[in-house]
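In what follows, a structure is listed as structure tokens, so that the remarks can point back to it.
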Amino acid sequence: MGGLIMNSLDLKTFTTGFYKLVASFEFSFDKIYTQMIYDALKDKINDEIFIETCRNILKTTTKQEWNEAYGYKGRPALADWINAFVPKMIKTGNLVKCKITNQLVDEYKYPENYQRFLDSSKPKTLN
């Protein structure tokens, strides 16, 4: 019997990291807000990327910086979570031929660790 395997963010990993951020920055949350964040991130990143980003936020962001960005005990908008956790494409400095117009255009790529995640997240069939 075949099935699909996907590489995605585990709910337990998310909950652990999310509550560490809540404890450190003391922002308000509720069940719906927490579920919305998880739903927005679960298929875009894996546990490794989530943990690495949480650690980076905790190491590099002071409570004062957090409060300046979101207000005292304020919480980030959903788009802020996506922007913080989902890597952006980076301009490589190379020109590539567009497959549609045949014109030379700037090449953009994801960071290597995120590209590996995307490649590993493509559905695989189990036989």
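The values are calculated or read from the model by the stated rules, or taken from the named source; none is laboratory data. On a predicted model such as this, the values are computed, not experimentally measured, just so you know. Counting neighbours? That spans all protein chains shown, and the Cβs are built from the backbone with ideal geometry, glycine included. Surface accessibility is based on the protein's heavy atoms, side chains included, excluding ligands, DNA and RNA. Shrake-Rupley method; radii C 1.70, N 1.55, O 1.52, S 1.80 Å.
Computed quantities for the displayed model
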read-out: Fraction of accessible area attributable to carbon and sulfur, the chain (%, probe 1.4 Å); value: 55 percent
read-out: D_trans [Stokes-Einstein, Kirkwood Rh over alpha-carbon pairs] for region 1-122, 37 °C, 0.692 mPa s, µm² s⁻¹; value: 200 µm²/s
read-out: Given Lys73/Lys109; Lys63/Lys91; Lys42/Lys73; Lys63/Lys88; Lys20/Lys44; Lys31/Lys91, the pairs whose alpha carbons are separated by over 30 Å; value: Lys73/Lys109; Lys63/Lys91; Lys31/Lys91
read-out: The chain: angle of helix 31-41 to the longest principal axis, Cα-based, in degrees nearest 10; value: 20 degrees
read-out: Probe 1.4 Å, protein heavy atoms only - accessible area per residue of the chain in square angstrom; value: 69 Å²
read-out: For Arg75, residues with placed amide H under 5 Å, excluding near neighbours; value: Ser28
read-out: Dipole magnitude of the chain about its Cα centre (Cβ charges: Lys, Arg +1; Asp, Glu -1), debye to nearest 20; value: 180 debye
read-out: Positive-end extreme of charge dipole, the chain - chosen from Thr16, Tyr72, Asn83 (charges on Cβ); value: Asn83
